[in-house]
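Worksheet: the structure to be examined is printed underneath.
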Amino acid sequence: MIPTSFCKSSILPYLTHFHLEWHNCRSSYSRKIEQIQERALRAVFNSHSELYENLLAHAELPSLLNRRFQDIAILMHRVKYGITPSIVDELFKQKSISYSLRNSNFEIPTFN
């Protein structure tokens, strides 16, 4: 139990700080950050041959990519129901449509 709590309290905050902002970085950079978590888990559990997925399961942690997806989903849920600060709400424009369509809650910005 001690290794898991050490990993969650000492290492994970550094890897998840502002992780939503760098979510769209190159996949090679994302993999490098994932490797840092993998090395930390290997050091904490003193295991050099176990698969990364098994280490994550043993530590009861999602991968950093899955954690970002979860946090994005939580953020968008909060924006949809108005539970975020107004400065965050202003970043997203919600559509007002009388009928329901899939993915129709927010306007998708267009880029030139």
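Normalized C-alpha radius of gyration of the stretch 27-84, against 2.2 N^0.38 Å? Spell out each step's value before the answer.
Details: Rg = 14.6 Å, N = 58, 2.2 N^0.38 = 10.3 Å.
With N residues counted in the stretch 27-84, Rg over 2.2 N^0.38 Å equals 1.42.
For PHE106, enumerate residues with amide H under 5 Å from its amide H, sequence gap 5+ or separate chain, H modeled in the peptide plane.
For PHE106, whose amide H was placed from the backbone, the distant partners under 5 Å are LYS95.
Restricting to DSSP loop positions (anything but H, G, I, E, B) with no more than 16 other Cβ atoms inside 10 Å of their own Cβ, which chymotrypsin sites (Phe, Trp or Tyr not before Pro) remain in the stretch 23-107? Could the numbers behind the result be given before it?
On the way: sites: TYR29, PHE45, TYR52, PHE69, TYR81, PHE92, TYR99, PHE106; in loops: TYR81, PHE92, TYR99.
For chymotrypsin sites (Phe, Trp or Tyr not before Pro) across the stretch 23-107 that sit outside H, G, I, E and B with at most 16 neighbouring Cβ atoms in 10 Å, the list reads TYR81, PHE92, TYR99.
Put +1 on the Cβ of each Lys and Arg and -1 on the Cβ of each Asp and Glu in the stretch 17-61; which of LEU56, GLN37, SER27 then has its Cα farthest toward the positive end of the dipole?
About the Cα centre, the residue reaching furthest to the positive side is SER27.
Once neighbouring chains are kept in place and the probe is 1.4 Å, which whole percent of the accessible area of the chain is contributed by carbon and sulfur?
Numbers: 4890 of 8720 Å².
Ligands and nucleic acids excluded, carbon and sulfur give 56 percent.
Please give every one of the lysines within straight-line cross-link reach of LYS95, meaning a C-alpha to C-alpha distance under 28 Å, and leave out same-chain neighbours fewer than 8 residues apart.
Filter leaves LYS80.
So how much slack lies between PHE69 and GLU107, counting 0.36 nm per residue of separation and subtracting their Cα-Cα distance, in nm?
Answer, rounded to one decimal: 11.7 nm.
Please tell me the relative contact order of the stretch 1-89 in percent, rounded to the nearest whole number, where contacts are Cα pairs under 8 Å and at least six residues apart. Before the final figure, lay out the partial values.
Numbers: 37 pairs, mean separation 26.9, N = 89.
Dividing the mean separation by the residue count of the stretch 1-89 yields 30 percent.
Once you sort the root eigenvalues of the Cα gyration tensor of the stretch 1-53 as a ≥ b ≥ c, which label holds: rounded (a/c under 1.5), prolate (a/b larger than b/c) or oblate (the other case)? Don't skip to the end; give the middle numbers.
Working: a/c = 3.50, a/b = 1.47, b/c = 2.38.
Oblate is the answer for the stretch 1-53, as a/c is 1.5 or above yet b/c matches or exceeds a/b.
Please enumerate, by chain and number, the aspartates and glutamates with C-alpha under 18 Å from the C-alpha of LYS8, excluding those fewer than 8 residues away in the same chain.
By straight Cα distance, LYS8 reaches GLU34, GLU38, GLU53, GLU60, ASP71.
Can you compute the helix-only [θ] at 222 nm over the chain? Use -39500 (n - 2.57) per DSSP H run of at least 4 residues, normalise by all residues, nearest 500 deg cm²/dmol.
Working: 6 runs with 58 residues, N = 112.
One gets -15000 deg cm²/dmol as the mean residue ellipticity at 222 nm.
Highest GNM mean-square fluctuation, the chain, Cα pairs closer than 10 Å: which of PRO13, PRO62, PRO85?
With Cα springs under 10 Å in the chain, the top fluctuation among PRO13, PRO62, PRO85 is at PRO85.
Return one whole number: the accessible area per residue of the chain in Å², for a 1.4 Å probe.
Numbers: 8720 Å² over 112 residues.
Here the per-residue accessible area is 78 Å².
How long are the semi-axes of the equivalent ellipsoid of the chain, defined as square roots of 5 times the Cα gyration tensor eigenvalues? Whole Å, largest first. Mind dumping the intermediate values first?
Working: eigenvalues 250, 45, 34 Å².
Semi-axes from the Cα gyration tensor: 35, 15, 13 Å.
Which value in nm describes the separation of the simple spin-label points at GLU60 and CYS25, placed 7 Å from the Cα toward the beta carbon?
So the label points at GLU60 and CYS25 sit 2.9 nm apart.
The values are calculated or read from the model by the stated rules, or taken from the named source; none is laboratory data. Remember, predicted model here, so these are calculated numbers, not experimental data. Methodologically, a virtual Cβ is constructed for each residue, glycine included, from the backbone with ideal geometry; neighbour enumeration extends over all protein chains shown. Ligands, DNA and RNA are stripped out before the accessible areas are found, and what is left, the full protein with its side chains, is counted by its heavy atoms. Shrake-Rupley method; radii C 1.70, N 1.55, O 1.52, S 1.80 Å.
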